[in-house]
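The values are calculated or read from the model by the stated rules, or taken from the named source; none is laboratory data. Keep in mind that this is a model prediction, so the values were computed, not measured. In this analysis, Cβ positions are derived from the backbone assuming ideal geometry, glycine residues included, and neighbour counts consider all displayed protein chains. The protein model used for the area step is the full one, side chains on, heavy atoms only, and it has no ligands, DNA or RNA in it. Shrake-Rupley method; radii C 1.70, N 1.55, O 1.52, S 1.80 Å.
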Amino acid sequence: MRGNGVAEGVAPPNRVLVLSLPKAGTYLVAEVLKALGYRSTGMHLAEMAYSDYQGADLDEARRNPGRFARSEPLSQSVLRVAAGEFAVGHLPCKRDIAEATASFKRIYLTRDLRTALVSYMRFLAATGRSNAKEMPWYTISEPKARVVDFLRTSAPILLDRLYRELAGWSQIPGVLRVHFEDLMHERETAPQVVESIADFLGQPSCDARRILNSSLARSEEHTSEL
């Protein structure tokens, strides 16, 4: 047996989907899943397309996501995820999406909205995604003024079009809810979160602290997540 509770050479039986608010620890949880024996598909799912980042250069993927996009409805793209694999996505909680992903073990990642939004602003500024350079807050050099203008102009749109539709996952039976703040807690809370993920996936005998430490180390390169 491995320390994660999976027999050597035996793939975990589940298909896993990480549903997350942007900047809520998607790639940290991805590293936890890898440590539990799951293989990343490199797929970032959306309703009518998916992005295939498998083997992609990180900087290129961050700045030119369209290069990796593949047009395909979710009902088809989810079939590409096999047992023992996982995909990620900022998918809204809609009936058809919930039904299409019902056979997955689903993990919903959430975070304090203000800090998530500010982190997302920095991500947009660093990568130029979503035409960030055309936003009124982009040219403001003073940090506090920039944040205030972002929260006034862009944040309400993001909350309405993205964050609000994700919130429903916390009400779907069988979906594991994980808080970013708990996962990043320095002492007892973070290992307990890892234990809850492992238990959710049927692997209760994992070495949670070892998995957490190794996952944090490997995810540092993803601090500006895709």
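Being without any contact (Cβ under 8 Å) to a residue 24 or more places away in the chain, open to solvent by less than 50 Å² (accessible area, probe 1.4 Å) and either in contact with a Cys (Cβ under 9 Å, 6 or more places away or on another chain) or under 22 Å from GLU220 (Cβ atoms) (or both) is a property that holds for ALA56. For first residues located in the range 155-168 and among the small types (Gly, Ala, Ser), partners that are open to solvent by less than 40 Å² (accessible area, probe 1.4 Å) and part of a helix (DSSP H, G or I) and lie 6+ apart or on another chain with Cβ distances below 6 Å form the pairs ALA155/LEU117. When restricted to residues that are open to solvent by less than 60 Å² (accessible area, probe 1.4 Å) and part of a strand (DSSP E or B), the range 162-187 contains 2.
Of the residues examined, THR115 is not one that is in a loop (DSSP other than H, G, I, E, B) and either at pLDDT below 95 or of a type in the set (S, T, N, Q) (or both).
Search the range 116-135 for residues being on the phi < 0 side of the Ramachandran plot, open to solvent by 60 Å² or more (accessible area, probe 1.4 Å) and free of Cβ contacts under 8 Å to residues at least 12 places away in the same chain, and hand back the single one that is nearest to the chain's Cα centre (by Cα).
The qualifying residue nearest to the chain's Cα centre (by Cα) is LYS133.
Residue selection: THR110 satisfies the criterion of being within 16 Å of the chain's Cα centre (by Cα), among the hydroxyl-bearing types (Ser, Thr, Tyr) and surrounded by 14 or more Cβ atoms within 10 Å (Cβ to Cβ). Only one entry in ALA125, ALA87, ALA116, ALA190 is within 23 Å of SER219 (Cβ to Cβ) and either acidic (Asp, Glu) or in contact with a Ser or Thr (Cβ under 7 Å, 6 or more places away or on another chain) (or both), namely ALA87.
Scanning the range 136-161 for residues that are assigned to a helix (DSSP H, G or I) and open to solvent by 40 Å² or more (accessible area, probe 1.4 Å) returns PRO143, LYS144, ALA145, ARG146, VAL148, LEU151, ARG152, PRO156, ILE157, LEU159, ASP160, ARG161.
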